[in-house]
Amino acid sequence: MIRVAQVAPNIFPVPPDHHGGTERVVHDLSTALRSLSVEVTLFAPSDSATDLPRVGDYPSLSALERRHGPVAPGVPAALDALQLEALRQRLDDFDIVHCHGEFAHAALLGGRRRRSLTTIHWRVDELDRALFFAGFPDLPVAAISAAQEAGIPAANRAGIVHHGIDRDRYAFRAEPDAHVAFLGRMTDQKRPDTAIRVARAAGLPIRLGGTVDVGNPDYFDRQVRPLLGADATYLGPVDDARKGELLGGARALLFPIDWPEPFGLVMIEAMACGTPVVAWDRGSVPEIVEDGVTGFVVASEAEAVAALARIGQLDRAGIRRRFEARFTAERMARDYLALYRRLLDA
């Protein structure tokens with residue numbers, strides 16, 4: 001039996017209450033690996049609600065912020081250091097250490113780096129990642145899309161594993177309501193303002209869910225709030241149940257990203273409901289959306305409006321079947337298990 005440490009970030013509990021795509025993926029992966037007879041230990045904050053064996057005596061950053069208000073800039077680094085110390089004390093207990101945070105774990109692992117795997121759940125084309133890769137050329141890194149892998153040096157590339165989610169979390173819905181949906185952080189990377197304009201131009205109501213981005217708090221008030229109205233409703237953060245209602249009831253998910261999206265978890269959450277995706281041709285989108293099958297890949301607002309006019313041509317049951325074939329947690333776990341075995345064999 002392979003013994004694996006899954007090391008989650010310390011920002012949100014695992015699984016997350018609302019947003020927190022990385023934490024969601026870590027929990028789904030860990031649970032699915034356990035079903036494949038992998039011995040999994042989860043390193044995650046103390047406010048995590050999971051039945052997986054867990055190590056972590058300190059709460060998540062989000063819990064500390066709820067309790068104390070805005071925290072000092074050094075608090076995230078302190079949480080990471082405390083988590084890595086707990087990992088250091090137990091390194092000999094694991095065959096593979098799979099880290100989903102960034103940077104400091106590579107130094108801690110030292111000579112064990114070749115028996116580790118790192119998944120970066122963010123873009124990799126900025127200076128901090130360039131410095132990281134240059135300093136640790138022996139650190140195996142799993143890309144979450146081919147688009148992301150293109151920015152990872154060849155020496156670090158361990159393979160590509162697309163995300164997956166629990167097969168049964170979201171129910172298939174054959175008959176949608178009249179609205180289209182947007183789900184994501186309220187930020188200029190995700191462009192909810194574009195989604196509202198497209199829906200309005202197509203003559204469709206839109207419902208938007210997601211949190212106001214803490215890194216860009218003025219964006220919602222400046223760019224999104226003025227566009228809200230009877231045909232554009234902001235729901236705020238949504239949990240899994242409300243997310244299923246929002247996505248399952250939507251004629252389509254609008255995904256008007258304005259950055260090199262490394263994956264885009266909400267796209268496969270929509271597909272799980274049978275809901276087609278209209279997404280901008282950036283980052284991983286062409287890998288995730290099968291144009292004309294699970295949605296439409298577009299390059300402009302005008303193309304998105306035209307795609308919504310054709311959205312009824314797509315088979316929602318067929319979209320659900322493509323989700324089951326490509327984006328379940330079980331498939332993700334099998335792919336990662338293959339990488340673990342390859343690393344151990346090497």
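Of all the numbered requirements in (1) assigned to a helix (DSSP H, G or I); (2) open to solvent by 20 Å² or more (accessible area, probe 1.4 Å), Ser30 misses one, and that requirement is (2).
Out of the residues in region 272-295 that are farther than 16 Å from Glu324 by Cβ and in a helix (DSSP H, G or I), which is most open to solvent (accessible area, probe 1.4 Å)? Ranking the qualifying residues of region 272-295, first place goes to Pro286.
May I ask you to verify whether Ser37 is among the hydroxyl-bearing types (Ser, Thr, Tyr) and under 30 Å from Lys190 (Cβ atoms)? When the stated conditions are applied, Ser37 does not pass them. Is there a residue being assigned to a loop (DSSP other than H, G, I, E, B), more than 26 Å from Ile144 (Cβ to Cβ) and either open to solvent by 40 Å² or more (accessible area, probe 1.4 Å) or free of Cβ contacts under 8 Å to residues at least 24 places away in the same chain (or both) anywhere in region 85-99? Looking for residues that are assigned to a loop (DSSP other than H, G, I, E, B), more than 26 Å from Ile144 (Cβ to Cβ) and either open to solvent by 40 Å² or more (accessible area, probe 1.4 Å) or free of Cβ contacts under 8 Å to residues at least 24 places away in the same chain (or both), one finds at least one in region 85-99, hence yes.
Among the residues of region 74-113, none is identified as within 16 Å of Ile152 (Cβ to Cβ) and more than 25 Å from the chain's Cα centre (by Cα). Checking every residue in region 311-328 against the condition of being in contact with an Asp or Glu (Cβ under 6 Å, 6 or more places away or on another chain), over 30 Å from Arg34 (Cα atoms), open to solvent by 30 Å² or more (accessible area, probe 1.4 Å) and not in a helix (DSSP H, G or I) gives zero matches. Tell me whether region 3-26 contains one or more residues that are touching a Cys at 6+ places or on another chain (Cβ under 8 Å), closer than 20 Å to Leu339 by Cβ and buried (at least 23 other Cβ atoms within 10 Å of the Cβ). Checked against the condition, which is being touching a Cys at 6+ places or on another chain (Cβ under 8 Å), closer than 20 Å to Leu339 by Cβ and buried (at least 23 other Cβ atoms within 10 Å of the Cβ), region 3-26 yields at least one hit. Pairing each residue of region 231-244 that is farther than 23 Å from Asp168 by Cβ with any residue that is in a helix (DSSP H, G or I) and of a type in the set (A, V, I, L, M), provided the two are 6+ apart or on different chains, yields C-beta distances under 6 Å for Ala232/Ile196.
Annotation note: of Gly283, Gly295, the sole residue that is closer than 18 Å to Val180 by Cβ and not charged (D, E, K, R) is Gly295.
Here region 114-137 is the region considered, the condition is being open to solvent by less than 40 Å² (accessible area, probe 1.4 Å) and not in a loop (DSSP other than H, G, I, E, B), and the residue that is nearest to Thr22 (Cα to Cα) is Thr119.
Of everything in region 100-113, what is exposed (fewer than 13 other Cβ atoms within 10 Å of the Cβ) and charged (D, E, K, R)? Give them in sequence order. None - no residue of region 100-113 is exposed (fewer than 13 other Cβ atoms within 10 Å of the Cβ) and charged (D, E, K, R), so the list stays empty. Among the strands (runs of 3 or more DSSP E) confined to region 156-264, the ones with at least 3 residues that are open to solvent by 40 Å² or more (accessible area, probe 1.4 Å) are located at 232-236. Just one of the listed residues (Ser37, Ser62) is in a helix (DSSP H, G or I), open to solvent by 10 Å² or more (accessible area, probe 1.4 Å) and farther than 17 Å from Gly164 by Cβ, and it is Ser62. Can you confirm whether region 68-75 contains a residue that is within 24 Å of Leu42 (Cβ to Cβ) and not in a strand (DSSP E or B)? Checked against the condition, which is being within 24 Å of Leu42 (Cβ to Cβ) and not in a strand (DSSP E or B), region 68-75 yields at least one hit.
The values are calculated or read from the model by the stated rules, or taken from the named source; none is laboratory data. From a predicted model like this one, the values you see are computed outputs, not experimental measurements. Reconstructed Cβ throughout: ideal geometry from the backbone, glycine too, with neighbour counts over all protein chains shown. To get the accessible areas, we keep the full protein, side chains included, count just its heavy atoms, and leave off ligands, DNA and RNA. Shrake-Rupley method; radii C 1.70, N 1.55, O 1.52, S 1.80 Å.
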